[in-house]
1. Which percent of the accessible heavy-atom area of the chain goes to carbon and sulfur, probe 1.4 angstrom?
2. Pull out a ≥ b ≥ c, the square roots of the eigenvalues of the alpha-carbon gyration tensor of region 405-536, then state rounded if a/c is under 1.5, prolate if not and a/b is larger than b/c, and oblate in the remaining case.
3. Residue by residue, what Karplus-based ³J(HN,Hα) values in Hz, rounded to whole numbers, does region 150-161 have, using 6.51, -1.76 and 1.60 with θ = phi - 60° and x for Gly and Pro?
4. Determine the calculated [θ] at 222 nm for the chain from helices alone, applying -39500 (n - 2.57) to every DSSP H run no shorter than 4 residues and normalising by the residue count; nearest 500 deg cm²/dmol.
5. Give me the percent relative contact order of region 2-94, please, defined on Cα pairs under 8 angstrom at least 6 residues apart.
6. Dipole magnitude of the chain about its Cα centre, charges +1 at Lys/Arg Cβ and -1 at Asp/Glu Cβ only, in debye to the nearest 20?
7. For a quick protection proxy, order the peptides 367-375, 278-286, 422-430, 350-358 by their average other-Cβ count within 10 Å, most packed first.
8. Kyte-Doolittle mean at least -0.5 and Cα extent at least 30 Å along the axis: which DSSP H helices of the chain qualify?
Amino acid sequence: GKKLGFTFNNRNLHNVSLGQGQEVVAEQALDLAAKEGHWVILQNIHLVAKWLSSLEKKLEQHSKGSHQDFRVFISAEPAPSPESHIIPQGILENSIKITNEAPTGMQANLHGALDNFSQDTLEMCSHEKEFKSILFALCYFHAVVAERRKFGPQGWNRPYPFNSGDLTISASVLHNYLQASSKVPYDDLRYLVGEIMYGGHITDDWDRRLCKTYLEEFIKPEMMEGELLLAPGFPLPGNMDYNGYHQYIDEALPAESPYLYGLHPNAELGFLTRSSEQLLRTVLELQPRDSSTGEGGVGTREEMVKDLLEEMLEKLSDEFNMAELMAKVEQRTPYTVVALQECERMNVLTAEIKRSLLELELGLKGELTMTSDMESLQNALFLDMVPESWARRSYPSTASLGTWFTDLLARISELDTWTGDFSLPSTMWLGGFFNPQSILTAIMQTTARKNKWPLDRMTLQCDVTKKNREDFASPPREGAYVHGLFMEGARWDAQAGLITDARLKELTPAMPVLFIRAIPADKQDTRGMYPCPLYKTRQRGPTYVWTFDLKTKDNPAKWVLAGVALLLQV
């Protein structure tokens, strides 16, 4: 064993930090401790997943006949997802489990951030006023970025493991920089904190922009002049002692609301709605799967699935005849190439839908043996979920099966109309494409060929019209009109032609038709513009499509903090 040579409550302790081949040491420590009645601490067991089955056997072996004072303490980092839970069930069932829950709410997070320091910390810098002000702003920043994740993708595109170590290291960097400089190096501090200490966790460019914007709003020269609001109704406090700051949080911090994070109250409505939907979905999945629906029901589970698949097969049209379509094309323009690619992808999806539904139909009739894939399809149809084999060949979507299938039929109809004569529709349904980037790129390619401009020096300009889809009878001479976009986090004021605050309970208001055209990049005017990301679904993150510049009178930072984005599906 590897004794540390000190006692704890009069018992010898064996402390083993796992990883880097320490498994043998841990086993020796367990054998010795079981015999002598010592305590063993095994740290970071999440780093040795393959060894955990051996640990389970070892603990089971020592559960009988070992010294009565023998104890084992195990620590592990929380798993990022349910699929990553690797601790064997036997260990969990035979142990007393203690978890350290992160604080919830801005007040608890802000107190928790400040608890990493003390009165001595506040007094250790010669630039006391500057150090205290920036340290408190850093604590607020830490609380905001940690708690913002509860708002889902509108908070952060991806969840990040921000921790107290990021804050304490940032405080040390702040102290060192202030001690070495007569002036406060705001730019350096923002860069180190935003790009390295916290930015080191961030993998998404839009999340990086959000982190950077928070620091630009919280750490700037105005903070020394008493003019900085960390949130509406919550100014940066003046020079206080440690207990004074805690008291200030209790007395001055407004009630918990999305405003504290720069978000609109709709963000909380959306978050609570999605949580409720997930709960109800889980309850639905727990229903018995082999019984009838009971008195007054519409029949058995199998009858319901059979009716649904028959309805789907009846509504689903034939696949696109690619040979006929290719023969109909006179000139392979960028737009016709996109149309043909979309038809090919739609054929792959509809072929899989028909194959799997016909197979399941035979299985339900007893003419085929039910396989695991057929059972999965049956369960998905009953639970109103998009089957996995369809989703793999489909486009990103968060919709239930009924809504998804209606949307699929609309996409097929749109493609059918377009490929009738391959003339560009008066307005394009941008959300109706498997690959929306392709049609946007086609707009640039067409303009580049017409004007003989280099494609790599072009960009798309987005002008929001005041009209809806029905008001357009023909496409524009250059570019394209697109419809079917929604805004989350704010709304578009059609009369003023600007982004403005959302109305309460209008989570994703529809956008008017957009006029998209290609221009040389050096002629792009970015003044008074908010670079707004466009995503396929509310999951954001990997569903990113493009960036459109939208006009704003407010500081663009306001919309960055509010998580404003355009969506193709809601």
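The values are calculated or read from the model by the stated rules, or taken from the named source; none is laboratory data. In this text the structure is predicted, and so the values were computed from the model without any measurement. Don't worry about glycine lacking a Cβ; one is built from the backbone with ideal geometry, like all the others, and counts go over all protein chains shown. When the accessible area is computed, the model is the full protein with side chains, heavy atoms only, and any ligands, DNA or RNA have been set aside. Shrake-Rupley method; radii C 1.70, N 1.55, O 1.52, S 1.80 Å.
1. On the way: 14780 of 29940 Å².
Carbon and sulfur atoms account for 49 percent of the accessible area of the chain.
2. It comes out oblate by the Cα gyration axes.
3. 5, 7, x, x, 6, x, 10, 4, 9, x, 10, x
4. Value at 222 nm, helices only: -13500 deg cm²/dmol.
5. So the answer I get is 27 percent.
6. In debye, rounded to 20, the chain gives about 1140.
7. Taking the mean over residues of other Cβ atoms within 10 Å, the ranking is 422-430, 350-358, 367-375, 278-286.
8. Membrane-span-like by this rule: 334-365, 401-421.
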